[in-house]
Amino acid sequence: MSAVTSPSEEKTLFGHPVGLYVLFFTEMWERFSYYGMRALLVLYISSTVGNGGLGWTKANAIELYGWYTMLVYVMSIPGGIIADRILGQKKSVLYGAIILVAGHGILAIEATWAFYTGLALIIFGVGMLKPNISTMVGGLYKTGDLRRDKGFTIFYIGINIGAFLSALIVGYIGETYGWHYGFGLAGIGMLFGLLVYIWGQKHLTAVGNFLGNSANETEKAVIKKPLNAIERDRMKVLLISFLIIIVFWGAFEQAGGLLNIYADEKINRVIFGWEMPATWFQSFNAGFIIIFGTAVAGFWANRKLKGKETSTLLKMGIGTIIMGLGFLVMVGASREAGAIEFGTASFWWLTAAYLLHTIGELCASPTALSFITKLAPLKYASIMMGVYFAATGFGNMLASTIGKNSQSDPTKIELIASADALIEFDRTDTLLANDKSFALKANIYMENGAFVATGYDNGLPVDGFFDFAAKTMDEDGKPIPADKIAAERAAGLAEIETTLTEREATIENPLHAQFKFEKEFEAAKIGANKGDGQNYEGQFIIEEIQTEKEHNIFLFIFLLTLVFGILVIALLKPLKRLTHGAEDNEGTTNEETEGFELADN
């Protein structure tokens, strides 16, 4: 465990301990690396092998993203325990930063083992760094010091500067020059953060130290002292607030998964003839925080001056509702995109959604970290901070569970048409000559009890261009009997025919699908196969079904956040009583002019 008080003679800069700015820049670069990698992760996993990705389905990509982001934050619990019981916060942050540099660096290597190894190291590194660096910020201020919330404000600005720049820079490099170049750049950013932290140790001498090594008998006694009734009540409030956090981030963290894919595929990103990279949307949240943070905080500050309710729990409830309104906006985006075949939604829908998400975040998470440092007993300071981040992690997993249900299961197909037929149909000669991926848009419907697919633009038949994919080898590498292969292909066709029949798709009222093909990875390595137009695998997803899934998920998230936000507000009074006035004792030390209050995400 660490000391959480600083001497009165602590050197200050702009009214705050110099150590705050060391932690500011360390966290800024750590978030630069994390959010830069986050902006690329789902797009990289779901990108085709031909485009340098892993070629996973979008649902599976979102699922892995959910597991990864959950584990990143859940590891904050052991990270907090290690700090409280073994290393102290200061050393834990140092070791976490070193592990993160290694993890991001390994991700730059184009190999399967490097991908999983890099993710594992980042999970452990964030778990060590994240809860402890946040607790160190609180430890720079004495109990009752009004500057505490303002200190978290400054710290939070660093987080958002890092997040804003990373999506623009790392996202652009990754999408334009190669995914692994982006991952490598994220690692360089983390290296800068590590160097800043090492340089600034002289400004952190009074914070983050392991109390087991303290000569102060009072501090050492804290470890053995049992919790009193007030502390137990406050712990109950914290644990209840963590349930709110799970729901909030379960909705908010659609940004890295569902909304990232939606921006890539369903948003019209062309501005004055230039197409904006999809990853740039990841910077909108941080940018809006920088622009509107003061205004939102000013609203709450003015409300507090008028003697009205401004508790953190109220802000959480209202913020959750406002953030959920962003998904109501996305319902509108989905309806616009689905109004025409292969349609896209305006850039402004997603922009408005991210604005509402930001306003909600500025309300719901304004003093979350500060709230924990006020309510958590001293002996459990880092552990409770770890539990907070673990709740954020469970929110990420909830986001993944919800997000992956927005994606249709693609039907696997294989190309059987000749290269000449494809060239005549869709002028794909240049793509085929270079073994590039390509897609065909089609109308699909039932006619005389049979499946029919025709080109969306020219009406020419395309159902003879492909067959439904089936395994030809079993797990032992032995050929599968022809009758079983035929049965599997027939089952794939039957599933599509059932869908078309249920939806009464006809030549006059067809459904629509994109047939996406890419060269089979191993076949592309053989020189003799170059440009032969063969060995292409693919998938198709019915557009109307995908649009419906997205629409329903957006509506579900809105209703979920609305219900939970109202519930928090309804339970506000009994929950406040259990805090025993923890937020009513501010301003007794270093009273200053008001500032805006923010916290970490």
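The values are calculated or read from the model by the stated rules, or taken from the named source; none is laboratory data. Predicted model, so just to flag it, every value in this text is computed and none were measured. Counting neighbours? That spans all protein chains shown, and the Cβs are built from the backbone with ideal geometry, glycine included.
In table form, for the structure just shown:
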{"quantity": "Residues of segment 495-528 satisfying the condition of being free of Cβ contacts under 8 Å to residues at least 40 places away in the same chain and outside any loop (DSSP other than H, G, I, E, B)", "calculated": "498, 502, 522, 523, 527, 528"}
{"quantity": "Pair list, Cβ under 9 Å, 6 or more apart: segment 446-459 residue not assigned by TED's automatic domain parsing to the domain that holds residue 495, other residue part of a strand (DSSP E or B)", "calculated": "none"}
{"quantity": "Breaking point among (1) modelled with pLDDT of 90 or more; (2) surrounded by 15 or more Cβ atoms within 10 Å (Cβ to Cβ), for residue 449", "calculated": "(2)"}
{"quantity": "Flag if residue 248 is over 19 Å from residue 572 (Cα atoms) and modelled with pLDDT of 90 or more", "calculated": "no"}
{"quantity": "Leading residue by the ranking (surrounded by the fewest Cβ atoms within 10 Å (Cβ to Cβ)) among those in segment 460-480 that are part of a strand (DSSP E or B) and touching a residue at least 12 places away in the same chain (Cβ under 8 Å)", "calculated": "467"}
{"quantity": "Residue in segment 127-146 that is touching a residue at least 24 places away in the same chain (Cβ under 8 Å), farther than 30 Å from residue 377 by Cβ, not basic (Lys, Arg) and not in a helix (DSSP H, G or I) present", "calculated": "no"}
{"quantity": "Filtered residues of segment 155-177 (kept if within 16 Å of residue 47 (Cα to Cα) and within 15 Å of the chain's Cα centre (by Cα))", "calculated": "171"}
{"quantity": "Any hit, segment 363-373, residues being small (Gly, Ala, Ser) and over 18 Å from the mean Cα position of the chain (by Cα)", "calculated": "yes"}
{"quantity": "Condition met for residue 76 (farther than 25 Å from residue 112 by Cβ and among the polar types (S, T, N, Q))", "calculated": "yes"}
{"quantity": "Segment 47-90, subset touching a strand residue (DSSP E or B) at 6+ places or on another chain (Cβ under 6 Å) and of a type in the set (Gly, Ala, Ser), residue nearest to residue 519 (Cα to Cα)", "calculated": "50"}
{"quantity": "Helices (runs of 4 or more DSSP H) completely within segment 2-118 that count 2 or more residues being modelled with pLDDT under 90 and not charged (D, E, K, R)", "calculated": "18-46, 58-74, 76-82"}
{"quantity": "Unmet requirement for residue 279, which otherwise passes all of (1) surrounded by 23 or more Cβ atoms within 10 Å (Cβ to Cβ); (2) closer than 16 Å to residue 330 by Cα", "calculated": "(2)"}
{"quantity": "Residue match in segment 432-448 (condition: over 39 Å from the mean Cα position of the chain (by Cα) and under 21 Å from residue 544 (Cβ atoms))", "calculated": "yes"}
{"quantity": "Criterion violated by residue 545 - all others in (1) at pLDDT below 90; (2) closer than 30 Å to residue 499 by Cβ; (3) surrounded by fewer than 19 Cβ atoms within 10 Å (Cβ to Cβ) satisfied", "calculated": "(1)"}
{"quantity": "Any hit, segment 265-272, residues being out of contact with any Lys or Arg (no Cβ under 7 Å at 6 or more places or on another chain), part of a helix (DSSP H, G or I) and modelled with pLDDT of 90 or more", "calculated": "yes"}
{"quantity": "Only one of 108, 83 that is surrounded by fewer than 22 Cβ atoms within 10 Å (Cβ to Cβ), more than 18 Å from the chain's Cα centre (by Cα) and not polar (S, T, N, Q)", "calculated": "108"}
{"quantity": "Number of the exception - residue 90 against (1) closer than 20 Å to residue 376 by Cβ; (2) in contact with a Ser or Thr (Cβ under 6 Å, 6 or more places away or on another chain)", "calculated": "(2)"}
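Here is a yes/no grid of residues against (1) assigned by TED's automatic domain parsing to the domain that holds residue 153; (2) touching a residue at least 12 places away in the same chain (Cβ under 8 Å); (3) closer than 29 Å to residue 457 by Cα; (4) of a type in the set (Gly, Ala, Ser):
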{"position": "333", "(1), (2), (3), (4)": "yes, yes, yes, yes"}
{"position": "338", "(1), (2), (3), (4)": "yes, yes, yes, yes"}
{"position": "345", "(1), (2), (3), (4)": "yes, yes, yes, yes"}
{"position": "352", "(1), (2), (3), (4)": "yes, yes, no, yes"}
{"position": "355", "(1), (2), (3), (4)": "yes, yes, no, no"}
{"position": "386", "(1), (2), (3), (4)": "yes, yes, no, yes"}
